[in-house]
Every structure is written in C-alpha cells, then in structure tokens.
Amino acid sequence: ALAFARKGAHIIVSDLHLQPQQSLQQEIQALGVECRIYAVDVSDSAAMASFAKQVAQEIGAPDVLFNNAGIAFLGKFFDSGLEQWQRVINVNLMGVVHGCYHVIPMMQAAGGARQVVNVSSTASYAPSPSMASYAASKFAVAGFCDVLRMELDGSQIGVTDVCPGVINTAITSSGAAPAM
C-alpha cells in the first residue's frame, strides 16, 4: 500500500478490524494521497459484494486488486479440527475468490489495463509439516490464479500470484481466529 501511495495511487484498504488500519491510513494520507479503510470479512461473500458495490459507487473500479487476506493454523493434520480447516479455507481461498468474483467484473466494465494480485505462498509448492490446511488453501489459490489468468487471456486484466516465504507478520498468531 505504501509503495503504491508513494507513486501517487489512492488506496483502499479492507480488513476485518479498522483499528489496525488507522495508522496505515494516516501514514498514506501524509503522503498526500487518499486512503479509505473499510471493515469487511473476506470470507463472507455477501459482505464482499456489498463492499465492492460501495467502492464502485464511491470511487469506481480499482486499477489493482490486491487479495492478501490470510490466516494460518499450525498443527499436525490429525491434531487439527475441521473447524480450523474450514476457517483457513474460508479466509485464504474463498477470500481471494470473493474478491475476484465481486471486483473483476467492475474492472472489466471500466476497461483499460488493470491488474489482479493474489497472494498465495511458497507453501503452495513447498509445504512444511504441521501446515496442512494452510498449504492446501495456498495451493488452491495458486491453481485458481493459473485458471483465472487463462480465462482473462486477451483481456486487459493481468493476474499475478505472489508466493512469499516466511515473513514476520501476525499470521501464525492469528490461528483460526478471524483475520484479514
């Protein structure tokens, strides 16, 4: 967000909770660009549809859609409950699907060159023990990106899959709790 803002882009940030995003908003606005923050749960399709509609009405179609929501659950497969699996899949995979499903049509209608950036993980191709649900969800995001890229071929919308390694974030402490 800061890199885009430094280049003059206006920023829209969504998260499950607004408070952590308020300092980012202030930092971006100090660069002289607009930054709006919204509370939305990416795992909720109706909430994402409402968010996309609100953004379209207030701002218009984004030039770049960056789907970066993610949570992790660390634990061996047979030691983890299905509720953890469901939450990880709902946020990590369905959050990306919901973002694409509700925003890409706006981007297509607006026309012009646009970009979708979905964050999967190195776990999508080099998983580690005790990360079964996380690796499965990120593998699914990577596969989804491949298909989406094929289906958008010939349009002016590009699709990028970013596969970071371990980064010092709160993702592993988020566990199965709602996170964005």
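What to note about this one:
- Pairs with Cβ under 8 Å, 6+ apart, first in region 110-123 and over 15 Å from Asn68 (Cβ atoms) and part of a loop (DSSP other than H, G, I, E, B), second open to solvent by 30 Å² or more (accessible area, probe 1.4 Å) and of a type outside the set (Asp, Glu): Gly111/Gln156; Gly112/Gln156; Ala113/Gln156
- Only one of the numbered conditions (1) at pLDDT 95 or above; (2) open to solvent by less than 60 Å² (accessible area, probe 1.4 Å) is not met by Ala113, and that is (2).
- Number of the exception - His17 against (1) at pLDDT 95 or above; (2) farther than 26 Å from Phe139 by Cα; (3) not aliphatic (A, V, I, L, M): (1)
- When every residue of region 88-102 is checked against the conditions, none turns out to be closer than 26 Å to Gly158 by Cβ, open to solvent by less than 40 Å² (accessible area, probe 1.4 Å), touching a residue at least 24 places away in the same chain (Cβ under 8 Å) and touching a His at 6+ places or on another chain (Cβ under 9 Å).
- On the stretch given as region 64-81, residues that are over 15 Å from the mean Cα position of the chain (by Cα) and either of a type in the set (S, T, N, Q) or modelled with pLDDT of 95 or more (or both) total 1.
- Scanning region 124-156 for residues being assigned to a loop (DSSP other than H, G, I, E, B) and either at pLDDT 95 or above or at positive phi (or both) gives a total of 6.
The values are calculated or read from the model by the stated rules, or taken from the named source; none is laboratory data. None of the values given here were measured: they were computed from a predicted structure. Quick reminder, even Gly has a Cβ in these numbers, built from the backbone with ideal geometry, and neighbours come from all protein chains shown. The accessibility values were calculated without ligands, DNA or RNA, using every heavy atom of the protein model including side chains. Shrake-Rupley method; radii C 1.70, N 1.55, O 1.52, S 1.80 Å.
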